[in-house]
Amino acid sequence: MIFDDALNDIIENVNKTTHGVKDEDVTQMTQMIREVENIFVMGLGRSGLVAKAFAMRLMHLGLSVAVVGETTTPAIGPNDCLIAISGSGETSHILSAVATSKDIGSKIIAITSYTNSSLANEADIIIQLKGRTKIDEDNNYTSRQISGLHSTLSPMGTIFEISSLIFLDSIIAQLMEDLHQTEKDLKARHTVLE
């Protein structure tokens, strides 16, 4: 069954991707999050869903956070940071928001697969979560088999998106320790309007 192979492939690739993040990048990111006044998060498509999940956990930590594009998003300021999630690092809407934020003096944290992307070039901190490679874009099954290179069974940007979610939840765990927060503290801020 392809399901079992895909499940194992996704888990293996996400594990490899998330373990590739450097400890010093994690430390820089959590330090910046703790030092800024407000945190803004953004992504589009499935990366946008990951951004919203991360924003929810930051709110549970008691931090001031907003999701870019929502009707209640305030103005970003020079003492704030924007966390932009884009696998390609070339999403035009994200690059526009990054440019505006930088003009204002905000800090930028990029979460991307490509450290040479336009997004990464504008960032103060770059978190690389490798997504697909050129091998994955080759649709010729026979040539991949002959060369011994095999494509992942995960569809499209799945590895980047799931890796981003797991990485950011791990950042929350680190922030809980840094901020001396317990799960009880987080639960106290969880919505009751359900």
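For the reader, a short list of remarks on this structure follows.
- Residues of the range 34-55 satisfying the condition of being over 24 Å from SER88 (Cβ atoms) and among the hydrophobic types (A, V, I, L, M, F, W, C): VAL36
- Of note, LYS102 does not satisfy the criterion of being surrounded by fewer than 17 Cβ atoms within 10 Å (Cβ to Cβ) and under 19 Å from PHE167 (Cα atoms).
- Residues in the range 154-181 that are aliphatic (A, V, I, L, M), surrounded by fewer than 18 Cβ atoms within 10 Å (Cβ to Cβ) and either over 21 Å from ILE10 (Cβ atoms) or touching a Gly at 6+ places or on another chain (Cβ under 6 Å) (or both): ALA173, MET176, LEU179.
- Residues (touching a Gly at 6+ places or on another chain (Cβ under 9 Å) and assigned to a helix (DSSP H, G or I)) located in the range 102-123: ILE104, SER118, LEU119, ALA120, ASN121
- Selection from the range 13-29 of residues that are hydroxyl-bearing (Ser, Thr, Tyr) and over 22 Å from ILE94 (Cβ atoms): THR27
- Residues located in the range 39-89, provided they are open to solvent by 80 Å² or more (accessible area, probe 1.4 Å), of a type in the set (D, E, K, R) and within 17 Å of ILE109 (Cβ to Cβ): LYS52, ARG57
- GLN145 passes every criterion in (1) modelled with pLDDT of 95 or more; (2) assigned to a helix (DSSP H, G or I) apart from (1).
- Members of the range 102-115 that are touching a residue at least 12 places away in the same chain (Cβ under 8 Å) and on the phi < 0 side of the Ramachandran plot: LYS102, ILE104, SER106, LYS107, ILE108, ILE109, ALA110, ILE111, THR112, SER113, TYR114, THR115
The values are calculated or read from the model by the stated rules, or taken from the named source; none is laboratory data. Since this is a predicted model, take the numbers as computed values, not measurements. Cβ coordinates were reconstructed from backbone atoms using ideal geometry, including for glycine residues, and neighbour counts include every protein chain displayed. For accessibility, only protein heavy atoms count, side chains too; no ligands or nucleic acids. Shrake-Rupley method; radii C 1.70, N 1.55, O 1.52, S 1.80 Å.
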